[in-house]
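One structure is given below, encoded as structure tokens.
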């Protein structure tokens with residue numbers, strides 16, 4: 001039986017996938033390689049490409065093709081693929097072309113200027129560009145909201161976490177806000193009497209890089225299909241066949257960069273192990289940003305900060321950075337589980353991290369829903385940082401509301417993905433540990449195959465075959481259950 | 001007075017310029033950054049982009065717009081711009097879309113495999129891909145030949161050196177073949193009794209890189225608008241606002257890499273100083289590849305190997321690589337003007353270089369014109385290397401006919417640009433030295449402004465405003481005159 005409409009769609013989406021390839025590489029280059037004078041021409045080229053993709057997706061022929069394809073005889077994977085095509089199409093159809101172009105240009109401008117404004121605490125200069133980013137994001141949210149019958153913020157969040165609504169997030173986060181401050185306090189009281197030996201720098205960048213590459217190797221990164229580079233804000237980019245992860249180095253502290261590399265390697269292995277036969281079609285993409293973060297946080301939090309893993313890599317640290325008593329596995333574990341509220345989200349410990357996310361979620365939702373103005377952000381930031389973490393950020397824009405890249409180009413709705421990811425990751429490891437009681441012993445002797453096989457079978461190989469709740473249920477026997485996350489934290493940090 | 005047709009063309013060509021930006025960055029990445037597994041998806045994405053550009057250029061509306069714009073009231077620069085638009089359009093119009101795609105894919109495949117085949121002397125493996133590249137290039141040459149009334153080879157050469165025909169090149173090269181072998185012999189006889197001190201390695205790559213950057217700084221490279229990286233085959237790529245040059249390092253020999261950097265910096269300064277107001281339109285591009293090579297060779301040969309320049313940079317060499325008697329300026333000059341026939345074109349001295357180019361010109365012309373088959377290349381190569389340079393290349397594919405990147409993706413017709421460039425550069429410096437009798441003294445004390453100002457005024461700022469012969473005549477008072485090149489060589493190498 002032939003499937004002409006579906007085949008026509010497949011041809012169009014293959015073309016889109018190739019445009020997306022160029023966008024991904026140019027975007028990685030913009031963050032990791034491009035000198036400053038290149039930004040204006042690059043921004044114009046990126047906006048042109050975004051317009052082209054939008055135009056391709058809104059080709060009038062597609063309406064009839066999507067309808068006709070529904071009636072064709074498709075495999076389950078093809079049908080899931082058609083569903084993802086439909087989702088992309090619906091998003092583009094309601095977006096006016098001028099808005100696609102304006103958002104792309106305003107985002108590039110704001111993000112690029114932010115790189116220097118952040119360093120100089122220049123919140124007012126940032127506002128000049130950021131107001132336009134907010135205005136356009138609200139316009140996008142309005143348009144999507146009307147088409148999808150969601151609140152404006154939920155409509156943006158659906159780009160990263162389709163099917164999850166902010167009322168659900170609010171319930172989950174509301175619960176976390178109940179128990180997290182008390183837990184942080186109990187852990188801090190407990191850790192007050194625990195001593196640890198800090199690592200003594202400086203650690204030359206080249207040696208840190210070599211260590212990072214060695215750890216990536218342990219974690220199964222395929223270097224014939226990816227790279228490690230440097231950028232202001234670490235990320236995982238590129239394409240599935242050629243994954244580009246980045247980190248940043250401080251000569252005083254190798255531990256943050258090293259764990260950052262573990263985090264990005266989690267993202268990278270997801271991308272590198274998506275089913276290659278579907279790479280050129282929407283169903284072959286990663287499921288959602290929450291699932292993506294569940295991979296990076298499975299690597300960074302569940303595996304990376306476990307005593308067994310630190311025991312495994314301690315010899316690598318010694319090999320690359322020399323011998324120090326700080327590199328004793330038990331001491332490394334004490335450092336990597338030390339709880340101490342601080343300014344910076346990406347440097348936060350596992351317990352404080354959700355507080356950083358909840359704060360951002362609350363502010364960005366109010367901003368997109370037009371309940372607050374961009375000018376209101378610093379005061380709200382200061383207030384919530386004090387309330388949730390007891391940290392004073394007044395006047396410190398660099399380490400306060402200017403610290404993240406996400407808002408600079410209007411990626412509102414992304415932040416919840418981090419904590420959802422942490423929760424999914426805890427849920428996976430609960431399942432995994434039940435099936436593999438000697439998991440830690442395996443890890444300690446360098447056998448990570450149980451973890452990789454489980455992720456390969458349940459997450460990586462499934463790509464966008466299932467909606468997120470079904471994916472998680474098939475993997476763990478239940479949909480998202482934050483209790484696993486809480487139990488993991490209590491177990492690791494209080495031993496209960 | 002309004003110019004609606006011209007304005008419409010300007011909008012289309014601005015779009016093309018942005019696509020070209022993405023192609024340039026993705027292509028740089030492919031050569032300098034991309035891991036091997038990325039090549040298949042990258043090749044598909046690049047082919048898609050080439051198809052898109054072809055489709056944009058062959059939009060049926062353009063025919064009427066180009067005609068109407070001829071009647072509009074345009075400035076001289078606009079008219080030159082229109083001429084370049086017309087040239088791009090004529091090229092695309094006769095090229096079938098399937099050929100654009102097939103050439104792009106076959107070129108990517110052949111070039112990528114060549115990187116490993118070259119190392120292992122795998123001429124037979126190379127032929128498997130190369131035959132298809134030749135077949136498609138011949139098809140392209142036929143199509144262009146019929147449209148333009150040129151021979152097939154001339155039609156390809158016109159892409160790099162518009163207006164120059166191979167009969168003219170053949171006369172010039174025929175003359176060079178008369179006097180070059182004798183000159184090489186006289187210089188070698190003279191140099192047989194001259195001693196020099198070779199530099200003693202190893203020279204760590206990081207130190208060589210730092211030296212390269214320092215030399216680029218002396219040469220006025222704008223680091224806020226460009227980068228230096230590493231690739232198998234050195235090149236200058238990227239875009240005018242963000243120029244990417246590459247080199248390659250050998251720990252035993254810093255001198256080749258350093259002079260390679262000087263060469264690419266010549267290309268880079270041309271790109272970085274093209275008139276920014278025209279950057280997005282065809283008239284704003286570099287004039288031709290012969291003029292491009294005239295910039296790199298003005299830097300590398302005329303300036304870079306002059307005693308005055310070597311005196312200027314000798315302290316930088318000492319600063320980065322330590323002190324050696326080999327770094328005495330006069331010794332450096334002896335090394336950089338040492339004449340010794342060898343296998344590799346890019347490592348050839350100034351006298352042997354034209355022989356490498358003439359050999360390639362003769363072979364590629366015969367190949368494109370269907371007078372020889374791809375299988376005939378090695379025997380011809382061996383024969384001509386022996387005849388022109390007395391070098392035996394039999395069986396040595398790596399250092400013989402597999403050494404260059406140009407043929408791997410079908411860039412036939414490019415090679416003559418190198419020797420035309422060397423000749424233009426000699427002609428520029430003849431003019432420049434007449435206007436600035438103390439040029440060497442200026443260079444030796446670090447004042448390169450006479451050279452940069454002359455190039456800025458006569459070449460860089462002119463972009464594609466004039467056809468090549470007129471550009472050169474305006475700059476030097478006469479069109480191409482190879483006698484300047486010959487005199488330069490006799491003067492530098494025999495002191496006559």
Q) When both residues are 6+ apart or on different chains and their Cβ atoms are under 6 Å apart, which pairs have a first residue that lies in region A:470-486 and is at pLDDT below 95, and a second that is part of a helix (DSSP H, G or I)? A) A:479/A:469; A:479/A:472; A:479/A:473
Q.
Yes or no: region A:333-345 includes at least one residue that is buried (at least 17 other Cβ atoms within 10 Å of the Cβ), under 30 Å from residue A:141 (Cβ atoms) and in contact with a helix residue (DSSP H, G or I) (Cβ under 7 Å, 6 or more places away or on another chain).
A. yes
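So that you can scan it fast, the table gives a plain yes or no per residue for (1) assigned to a helix (DSSP H, G or I); (2) more than 19 Å from residue A:260 (Cα to Cα); (3) free of Cβ contacts under 8 Å to residues at least 12 places away in the same chain:
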{"residue": "A:340", "(1), (2), (3)": "no, no, no"}
{"residue": "A:363", "(1), (2), (3)": "yes, yes, no"}
{"residue": "A:370", "(1), (2), (3)": "no, yes, no"}
{"residue": "A:388", "(1), (2), (3)": "yes, yes, no"}
{"residue": "A:392", "(1), (2), (3)": "no, yes, yes"}
{"residue": "A:400", "(1), (2), (3)": "no, yes, no"}
{"residue": "A:419", "(1), (2), (3)": "yes, no, no"}
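Each row is one residue, and each column tells you yes or no for (1) assigned to a helix (DSSP H, G or I); (2) in contact (Cβ under 8 Å) with a residue 12 or more places away in the chain; (3) closer than 24 Å to residue A:335 by Cα; (4) in contact with a strand residue (DSSP E or B) (Cβ under 9 Å, 6 or more places away or on another chain).
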{"position": "A:220", "(1), (2), (3), (4)": "no, yes, no, no"}
{"position": "A:228", "(1), (2), (3), (4)": "no, yes, no, yes"}
{"position": "A:245", "(1), (2), (3), (4)": "no, yes, no, yes"}
{"position": "A:257", "(1), (2), (3), (4)": "yes, yes, yes, yes"}
{"position": "A:263", "(1), (2), (3), (4)": "yes, yes, yes, yes"}
Q. Among (1) free of Cβ contacts under 8 Å to residues at least 24 places away in the same chain; (2) closer than 22 Å to residue B:467 by Cα; (3) surrounded by fewer than 19 Cβ atoms within 10 Å (Cβ to Cβ), which single condition is residue B:125 missing?
A. (2)
**Q.** Whichever residue in region A:390-414 is more than 22 Å from the chain's Cα centre (by Cα) and more than 17 Å from residue A:110 (Cβ to Cβ) and, among such residues, is surrounded by the most Cβ atoms within 10 Å (Cβ to Cβ)
**A.** A:393
Q) From the residues in region B:265-307 that are assigned to a helix (DSSP H, G or I), in contact (Cβ under 8 Å) with a residue 60 or more places away in the chain and touching a strand residue (DSSP E or B) at 6+ places or on another chain (Cβ under 9 Å), which one is nearest to residue B:233 (Cα to Cα)? A) B:296
Q: Look at residue B:256 and say whether it is in the same structural domain as residue B:449 (by TED's automatic domain parsing) and farther than 26 Å from residue B:114 by Cβ.
A: no
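Every residue, every condition in (1) out of contact with any helix residue (DSSP H, G or I) (no Cβ under 6 Å at 6 or more places or on another chain); (2) within 14 Å of chain B (Cβ to nearest Cβ), yes or no:
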| position | (1), (2) |
| --- | --- |
| A:150 | yes, no |
| A:171 | yes, no |
| A:174 | yes, no |
| A:203 | no, no |
| A:208 | no, no |
| A:241 | no, yes |
| A:249 | no, no |
| A:254 | no, no |
Q: For residue A:237, state whether it is buried (at least 20 other Cβ atoms within 10 Å of the Cβ) and either more than 20 Å from the chain's Cα centre (by Cα) or not in a helix (DSSP H, G or I) (or both).
A: yes
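The values are calculated or read from the model by the stated rules, or taken from the named source; none is laboratory data. In this text, all values refer to a predicted model and were calculated from it rather than measured experimentally. Backbone-built Cβ (ideal geometry, glycine too); neighbour counts: all protein chains shown.
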